[in-house]
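Working notes for the structure below.
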Amino acid sequence: MPSEWLVKGLSARLCRRPQWPPSRSVAAWWQALPLTLVFSLFFLVPLALVLMVSFWDYNQYELIPGFTFKSYIAIFEGCGSGDELCTTFKTYLSTLKFSALVWLITLLVGFAVSYFLAFCVRSSGMQTLLFVLCTIPFWTSNVIRMISWVPLLGRNGFINQSLQAMGLTQTPVEWLLFSDFSVVLAFVHLYTMFMIVPIFNSMMRIDRSLLEAANDAGASAWQTLWQVIVPLSRTGILIG
């Protein structure tokens, strides 16, 4: 009987929810206050100002304080007059198309690079070196990184000159630079690192014993990738 009472007493204490002192919750609110203020000042307030200005009237020279739906009605100008979509909706669809393509390509490239750094490179020093090499494009501005593609893809760029020198083309290939291809390529170049960093961090936190257990259980490399590595890298993928 005493042993049963002891077991019941321990179970009750373990299952009892801890009662934190009131000062603990107050301290948590104070800790969250600086970030809340920064978030409100630099995100919520500008967003509210943009929403307010969107209802103002305007002419060719200035915004006129007031209340009108003129800006929202202008979005639909030209719609329904023909078979083609109006300019605004064409822009929206184009933006969504480029966003989806860039997201997909950066995800594939970022995951492949992160996997190589996390699981194929054994030396921590070499991992650090290769990771720093990935950050080299960030040492320059976005404008310079986009312009840097012109000497490579332009009409007189390296690729066109090489193709003409080998006799593969007679005239410069225009779509290398002035096309959707170059837009996607430039954005992938700009944003791939934002996908590599969180995925690499997630992969480095994976317990290597899980991979050994999957290998001992007879899982193939693809099964280990899809059933172990990808689910455990989900946080990094979502952040990226």
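The values are calculated or read from the model by the stated rules, or taken from the named source; none is laboratory data. The shown structure was predicted, so the numbers you read here are calculated from the model rather than taken from an experiment. Note that each Cβ is placed from the backbone with ideal geometry, even for glycine, and that neighbours are counted across all protein chains shown. Note: areas computed on protein heavy atoms with side chains; ligands, DNA, RNA excluded. Shrake-Rupley method; radii C 1.70, N 1.55, O 1.52, S 1.80 Å.
Screening L168 on (1) of a type outside the set (G, A, S); (2) surrounded by 12 or more Cβ atoms within 10 Å (Cβ to Cβ); (3) assigned to a loop (DSSP other than H, G, I, E, B) shows it passes everything except condition (2).
Kindly establish whether V197 is out of contact with any helix residue (DSSP H, G or I) (no Cβ under 7 Å at 6 or more places or on another chain), within 15 Å of T106 (Cβ to Cβ) and either without any contact (Cβ under 8 Å) to a residue 24 or more places away in the chain or open to solvent by less than 70 Å² (accessible area, probe 1.4 Å) (or both). Judged against the criteria, V197 is a match. When the residues of the stretch 105-123 are filtered to those that are in contact (Cβ under 8 Å) with a residue 60 or more places away in the chain and open to solvent by 40 Å² or more (accessible area, probe 1.4 Å), the one that is farthest from the chain's Cα centre (by Cα) is Y115. Taking the criterion of being assigned to a helix (DSSP H, G or I), among the small types (G, A, S) and free of Cβ contacts under 8 Å to residues at least 24 places away in the same chain, the residues of the stretch 200-234 that qualify are S209, A213, A214, A221. Among the criteria (1) more than 17 Å from the chain's Cα centre (by Cα); (2) among the small types (G, A, S); (3) closer than 30 Å to S123 by Cα, the one G240 does not fulfil is (1).
Specify the residue that is modelled with the lowest pLDDT; the eligible residues are those in the stretch 24-44 that are loosely packed, with under 11 Cβ neighbours inside 10 Å and among the β-branched types (V, I, T). Checking each candidate, the answer is V26. For I237, the requirement of being under 24 Å from G110 (Cβ atoms) and part of a loop (DSSP other than H, G, I, E, B) is not met. For V132, the conditions (1) at pLDDT below 85; (2) part of a helix (DSSP H, G or I); (3) farther than 30 Å from A221 by Cβ; (4) among the aliphatic types (A, V, I, L, M) all hold with the exception of (3).
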